[in-house]
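Report on the following structure.
The values are calculated or read from the model by the stated rules, or taken from the named source; none is laboratory data. It should be emphasised that the depicted structure is a prediction, and the values quoted were computed from it without experimental measurement. Here the Cβ is made from the backbone with ideal geometry for all residues, glycine too, and neighbour counts use every protein chain on show. The accessibility values were calculated without ligands, DNA or RNA, using every heavy atom of the protein model including side chains. Shrake-Rupley method; radii C 1.70, N 1.55, O 1.52, S 1.80 Å.
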Amino acid sequence: METNPIPILTIQTTPFDDQRPGTNGLRKKTAVFESKKNYLQNYIQSLLSSIDLRDRQGCTMVVGSDGRYFSRAATEVIVQMAAANGIGRLVIGHNGILSTPAVSCIIRKIKAIGGIILTASHSPGGPGGDFGIKFNVANGVQMKDEKGVAKAMKVALYETPTGWRFFSNLMDSGRCSFCGEESFGTGSDHIRDKDGLWSVLVWLSILAVRKQGVEEIVRDHWAKMGRNYFCRFDYEGVDSRAAYYLMRDLEAVIIDKAFTTQKFSVGNNIYSVEKADNFEYIDPVDGSVSRKQGLRIIFTDSSRIIFRLSGSGAGTGATVRIYAESYERDPERHNRETQVVLGPLIAIALKISNIHERTGHRGPNVIT
């Protein structure tokens, strides 16, 4: 019985200038994917084209989603484009649904060439919500400074930029087996992504061994290691040009030699600048260099402020993130409200950046 090959169509298209992925892949309003002709197709083709043509032919790829609106239609497009690009086999979740850590696990287990995940993480879905696309490569990974703890436990410390791919290289080389990020995702080296179920099981194991409650364990940790107060301000939907010039001008201010002698007085607090730079990461495994990973202002008391332009925010425009962190060793000061402790640092950040005046925002969209 003869079978006719499925005809392959070549579609002429033009590039979009807003498809540069962030740390969480490409994330936009659902309407952008639905209304812009070939917007989804362009991005999917770019992902498939990132795989060497010789490796693409007959390979296996994983596809999953979190089940949000538009996932089914997008999956159908991916299936057709994967076939046209020579992908030999697709592993797709039941009804198209697979969690992000599940995709990472399957890629590693079946030795797939990679996987496409349709998700916008915590952002709401629906016709008026958000839609996103992530791509995990063959090792299952997507394309906090704890010095006091690392030194005390005699383990190596790696300060990386935001993004699980930086953790992945360390895991692949056997240099670390436990990772976390500022949005509270944690995981181990069994996959190359956050794993919520694994985190729950780890905590249950800790509770069983320690025979203590979570609060008691955390307070004991603070008593031994000190407490890090942390918060993050997200300014979403910022005009892309305004965000670019904000970061450019702020970098010019902080890298000026005179800035390292600055002292900031807020209430009864005085903060002296020790170091300021645009963070650059040199991977200890392959020597690759990742530049412009965030503007850092580090003070003599180890407090710090970080400004970062993110590509993973929801909706249109850019997301500017401000991070503030302060270390407290004194157990008598471990029960203070986070915003009270970090208020002076946030005040400094707002003053030197003029973010409200330059973006038109009256305040952050999200405070973590």
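Every helix of 4 or more DSSP H residues in the chain counts as -39500 (n - 2.57), and over all residues that averages to -10000 deg cm²/dmol at 222 nm.
Using only protein heavy atoms and a 1.4 Å probe, report how much of E216 is accessible, in Å² to the nearest 10. Surface accessible to solvent at E216 totals approximately 100 Å².
Past 21 Å, Cα to Cα, is the threshold; run K151/K263; K29/K109; K36/K134 against it and keep the listed order. Over 21 Å Cα-Cα: K151/K263; K29/K109.
Among M61, M225, the order of accessible area from largest down is M225, M61, computed with a 1.4 Å probe on protein heavy atoms. Quick note on segment 56-202: its Rg to Rh ratio, both from C-alpha atoms and Rh being the Kirkwood radius, is 1.02.
Ranked from largest to smallest solvent-accessible area, with a 1.4 Å probe on the protein heavy atoms, W164, W203 come out as W203, W164.
For the set D234, D66, the ranking by accessible area, highest first and with no ligand, DNA or RNA atoms included, is D66, D234 under a 1.4 Å probe. The share of accessible area on the chain that comes from carbon and sulfur is 53 percent, using a 1.4 angstrom probe. Residues of segment 23-66 with backbone nitrogen within less than 11 Å of a virtual label 7 Å along the Cα-to-Cβ line of N365, please, listed as ranges. Label zone hits: 28-29. For the pair I8 and M225, what calculated FRET efficiency results from E = 1/(1 + (r/R0)^6), where r is the Cβ-Cβ distance and R0 = 51 Å, to the nearest 0.05? With a Förster radius of 51 Å, E is 0.30. Between amide H atoms placed 1.01 Å from N, distances below 5 Å from C176 occur with M171, all of them 5 or more places distant or on a separate chain. As a calculated quantity, the FRET efficiency between L350 and R329 at R0 = 30 Å, using C-beta atoms, amounts to about 0.65. Once the C-beta distance of R20 and N268 is scaled by a Förster radius of 45 Å, the resulting FRET efficiency is 0.55 to the nearest 0.05. Computed across segment 203-260, the Kirkwood radius stands at 15.9 Å (inverse of mean 1/r, all Cα pairs). Annotation: K275 carries an accessible surface of approximately 100 Å², with a 1.4 Å probe and no ligand, DNA or RNA atoms counted.
Using only side-chain charges placed at the Cβ, +1 for Lys and Arg and -1 for Asp and Glu, the dipole size of segment 36-193 relative to its Cα centre rounds to 280 debye. The antiparallel fraction among DSSP beta bridges confined to the chain stands at about 80%. The Rg/Rh ratio for segment 150-233, using Cα coordinates for both the radius of gyration and the Kirkwood hydrodynamic radius, is 0.97. The residues of the chain have, on average, 54 Å² of accessible surface per residue, using a 1.4 Å probe with all protein chains present. Compared with the direct C-alpha span, the chain from T300 to E251 gains 15.7 nm at full extension, assuming 0.36 nm per residue. Here T300 sits with roughly 90 square angstrom of accessible surface, probe radius 1.4 Å. Normalised radius of gyration for the chain, please: alpha carbon Rg relative to 2.2 N^0.38 Å, two decimal places. Here the answer is 1.10, to two decimals. When +1 charges are put on Lys and Arg Cβ atoms and -1 charges on Asp and Glu Cβ atoms, the dipole computed for the chain relative to its Cα centre reaches about 120 debye. In segment 225-352, Cα pairs under 8 Å separated by at least six residues give a relative contact order of 34 percent.
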